[in-house]
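Q: Dumping the structure here so I can ask a few things about it.
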Ligand SMILES: Nc1ncnc2c1ncn2[C@@H]1O[C@H](COP(=O)(O)OP(=O)(O)OP(=O)(O)O)[C@@H](O)[C@H]1O
Ligand SMILES: [Mg+2]
């Protein structure tokens, strides 16, 4: 099986400060992985290495067996702070059109085909009402939906979402989880940075956790461990198992 992400003795720094080091892990293609760790532990830094925005100081990183400089066109990315160079005239439709043609330089799509793709995805995600709306007039949750739609419209092999659940109300979280389940039926590898594992814990295959200056990987069964999670979050937590799934809660 191909690895979607492989780190070998990886070490990365920012402004000469090591963020994480000596990290080796391998994650199978077409799986869903959470990325967890305290504020400042280097989650976004890892994503930026995957996106070839930042480079390792030591070791190797490969996505689908290739250096990240060769895989940018295979990735859909929703940053932690989604802002489209928003002049106030950009509408939902324009953002999705950008997702379609922005990364396919050299490949021409007819306007008719672009429109068909956008309308079909918007229907599927139930965001048709946002196509004519200006980004500057959207709520945080609506913007988030446009950001995710823009990231998946090109059918990426890898989808990277940095804190997709932050600022979403309960209905928007349910919508997001349904979308995630839909995507998981396709051949796509998904990475989700999150501070709250609870909404996705029964949907992920495993997690990369950043602890003590290293990136580690654990399959989900081993992740549901109170001691490990207490250590990770620096606060005592327990893992409750119920018929509807696992739930992590603080007991301090
Ligand atoms: N642009 C930057 N320039 C220099 N240092 C940075 C930059 N962005 C982040 N850092 C530093 O790098 C470290 C890792 O940051 P990173 O953004 O990867 O953390 P994170 O795990 O994503 O945190 P959060 O949960 O707050 O999003 C932090 O110490 C942070 O201060
Ligand atoms: Mg971050």
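Read the figures in this text as sums done on the coordinates, not as results from a lab. None of the values given here were measured: they were computed from a predicted structure. Cβ sites come from the backbone with ideal geometry, for glycine too, and all protein chains shown count toward neighbours.
Q: Give 52, 39 a once-over and let me know the one that is within 16 Å of ligand 2 (Cβ to nearest atom), out of contact with any strand residue (DSSP E or B) (no Cβ under 7 Å at 6 or more places or on another chain) and more than 16 Å from residue 190 (Cα to Cα). Lay out the reasoning, then the answer.
A: Numbers: 52 fails: within 16 Å of ligand 2 (Cβ to nearest atom).
Only one candidate passes the filter, namely 39.
Q: Filter region 34-49 down to the residues that are at negative phi and either within 12 Å of ligand 1 (Cβ to nearest atom) or surrounded by fewer than 18 Cβ atoms within 10 Å (Cβ to Cβ) (or both) and list them by number. Before you say what the answer is, go through the steps one by one.
A: From region 34-49, those at negative phi are 34-36, 38-39, 41, 43-49; that's our starting set.
Listed by number, the residues that qualify are 35, 36, 38, 39, 41, 43, 44, 45, 46, 47, 48, 49.
Q: To continue, here is another question. Collect the residues in region 50-68 that are away from ligand 1 (no atom under 16 Å from the Cβ) and either in a strand (DSSP E or B) or more than 17 Å from the chain's Cα centre (by Cα) (or both), keeping them in residue-number order.
A: 58, 59, 60, 62, 63, 65, 66, 67
Q: Only residues that are out of contact with any helix residue (DSSP H, G or I) (no Cβ under 6 Å at 6 or more places or on another chain) and not in a loop (DSSP other than H, G, I, E, B): list them for region 35-49, please. Break it down stepwise before answering.
A: Within region 35-49, the subset out of contact with any helix residue (DSSP H, G or I) (no Cβ under 6 Å at 6 or more places or on another chain) is 36, 38-49.
Answer for region 35-49, where residues must be out of contact with any helix residue (DSSP H, G or I) (no Cβ under 6 Å at 6 or more places or on another chain) and not in a loop (DSSP other than H, G, I, E, B): 36, 43, 44, 45, 46, 47, 48, 49.
Q: Hey, another quick one. Scan region 70-83 and give yes if some residue there is more than 19 Å from the chain's Cα centre (by Cα) and either in a loop (DSSP other than H, G, I, E, B) or within 14 Å of ligand 1 (Cβ to nearest atom) (or both), otherwise no.
A: no
Q: Here is a further query. Within the set of pairs 6+ apart or on separate chains, which have a first residue in region 135-160 that is at positive phi, a second that is in a loop (DSSP other than H, G, I, E, B), and C-beta atoms under 9 Å apart?
A: Partner pairs satisfying both residue conditions: 155/186; 155/188.
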